[in-house]
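Data first, discussion second: the structure below is written as structure tokens.
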Amino acid sequence: MYLKEKDGVHIPGYSPSMAPSKKGKAKANSVGSTQSSDSVNSNFPSCIRFVPPSSVSITVHAKPGSKVSSITDFDDEAVGVQIDAPAKDGEANAALLDYISSVIGVKRRQVSTSSGSKSRDKVVIVEDVTIQGVFDALNKVSKNQ
């Protein structure tokens, strides 16, 4: 048995297992959540990934300054997207997010840039969608062009 001192008085019979739990959010079981998202992601190219609870991240290689917006390639590394806006003052980023939202069929506010705002290689997050829905939409558009 351990002794704990409180206000200078020893408390006999105290053990650390009896200590009050710390306040705060309970930690999620990362092993379980990783396994479920890994199993979901294994059926799709690595450029699109499920992000719990209901989002999908897309690795994009943007090509600004094109005449029309289109998907040029859809492989494991990234989705190649030509953008009909110059890479100046965030115009290409806004046009990219508009185009991605129209391709996937979601509202513009559900699409955001997670990283790469000043780079051609970006990660775009689409909220409240399924990875299957994103894959089907991107696959359909890439095959039609």
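The values are calculated or read from the model by the stated rules, or taken from the named source; none is laboratory data. Bear in mind the structure is a predicted one, so any value in this text is a computation, not a measurement. Backbone-built Cβ (ideal geometry, glycine too); neighbour counts: all protein chains shown. To get the accessible areas, we keep the full protein, side chains included, count just its heavy atoms, and leave off ligands, DNA and RNA. Shrake-Rupley method; radii C 1.70, N 1.55, O 1.52, S 1.80 Å.
Would you kindly derive the ³J(HN,Hα) couplings of region 50-58 from the backbone phi angles with the Karplus curve 6.51 cos²θ - 1.76 cosθ + 1.60 (θ = phi - 60°), listing them in order in whole Hz, with x for Gly and Pro?
Those phi angles translate into 6, 10, x, x, 8, 10, 10, 9, 10 Hz.
Spelling out what I want: for every residue of region 107-114, take phi, set θ = phi - 60°, compute 6.51 cos²θ - 1.76 cosθ + 1.60 (Karplus), and round to whole Hz; glycine and proline get x.
6, 4, 5, 8, 10, 8, 8, 8
Can you give me the distance in nm between label points at N144 and Q132, each placed 7 Å from the Cα along the Cα-to-Cβ direction?
2.1 nm
Give the accessible surface of region 40-105 per residue, rounded to a whole number of Å², with probe radius 1.4 Å and ligands, DNA and RNA excluded.
Value for region 40-105: 47 Å² per residue.
For region 106-145, report the accessible area per residue in Å² (1.4 Å probe, heavy atoms, rounded to an integer).
63 Å²
What Kirkwood hydrodynamic radius do you get for region 32-145 when you take the inverse of the mean 1/r over all pairs of distinct Cα atoms, in Å?
Details: mean 1/r = 0.0713 Å⁻¹.
After inverting the pairwise mean of 1/r, the radius is 14.0 Å.
Let me make sure I get this right: for region 68-124, a, b and c are the square roots of the gyration tensor eigenvalues over alpha carbons, sorted descending. Under 1.5 in a/c it's rounded, otherwise prolate if a/b > b/c, else oblate. Which is it?
Because its axes are fairly even, with a/c under 1.5, region 68-124 counts as rounded.
On the protein heavy atoms, probe 1.4 angstrom, tell me the percent of accessible surface of region 58-121 carried by carbon and sulfur.
Carbon with sulfur: 45 percent of the solvent-accessible area.
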